[in-house]
Amino acid sequence: RMWAYSLGFTILPHVGGFLGWFLNRKEIPAWYEKLKKPSWCPSRRMFPVAWTMLYTGMGYASYLVWNDLGGCGSKAIVPLGLYGAQLALNWAWPPLFFGARNLNL
C-alpha cells in the first residue's frame, strides 16, 4: 500500500510537466528555436531528460517528507504547502514563457 503513495507522489510533478509540454509543443520549434541563445545553451533535447530527473526527485522527496511527518497533518502543512506552491509556479512557467512569447516573464 505504501508503494502506491510513493508512486503517486513521484508521478504527480510529471503531470504538470507533461501538460506544459503538450500545450506549448508547437511553440518550441516555431519560436524558441529561433531565439538567439548563448553558445553554452544546451540542446532542447536535454530538457526532457533534465526535467524528468528533476520532477522524479522532487516527487519522491515530497513522498519522503509526507511519510516522515505522518501524512498531511499539521507538521507537513508548511513543507508540503511550500512544495505545492513551488510546483504550481514551475507548472505555470511554460505557458507564460512560451505562450506569451515574452522573455521578460
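The values are calculated or read from the model by the stated rules, or taken from the named source; none is laboratory data. For clarity, every value in this text was computed on a predicted model and none was experimentally measured. Because the Cβ atoms are built from the backbone with ideal geometry, glycine has one as well, and the counts that use them run over all protein chains shown. Accessible surface areas use protein heavy atoms only, side chains included; no ligands, DNA or RNA. Shrake-Rupley method; radii C 1.70, N 1.55, O 1.52, S 1.80 Å.
Among the residues of the range 85-98, are any polar (S, T, N, Q), touching a Phe, Trp or Tyr at 6+ places or on another chain (Cβ under 8 Å), in a helix (DSSP H, G or I) and at pLDDT 95 or above?
No: zero hits.
Pull out all pairs, ordered by first then second residue, where Cβ-Cβ is under 6 Å, the residues are six or more apart or on different chains, the first lies in the range 28-55 and is outside any loop (DSSP other than H, G, I, E, B), and the second is surrounded by 13 or more Cβ atoms within 10 Å (Cβ to Cβ).
Qualifying pairs under 6 Å: Trp51/Gly17; Tyr55/Pro13; Tyr55/His14; Tyr55/Gly17.
Could you tell me which residue of the range 20-45 is farthest from Gly84 (Cα to Cα), considering only residues that are open to solvent by 80 Å² or more (accessible area, probe 1.4 Å) and modelled with pLDDT of 90 or more?
Ranking the qualifying residues of the range 20-45, first place goes to Ser39.
Can you work out which of the residues in the range 67-77 that are without any contact (Cβ under 8 Å) to a residue 24 or more places away in the chain and either of a type in the set (Phe, Trp, Tyr) or assigned to a helix (DSSP H, G or I) (or both) is most open to solvent (accessible area, probe 1.4 Å)?
Per the criteria, the residue is Lys75.
Of Leu105, Leu64, Leu80, which residue is open to solvent by 60 Å² or more (accessible area, probe 1.4 Å) and either modelled with pLDDT of 90 or more or in a helix (DSSP H, G or I) (or both)?
Leu64
Take the residues in the range 83-96 that are of a type outside the set (A, V, I, L, M) and in contact (Cβ under 8 Å) with a residue 60 or more places away in the chain, then tell me which one is surrounded by the most Cβ atoms within 10 Å (Cβ to Cβ).
Among them, the one singled out is Pro94.
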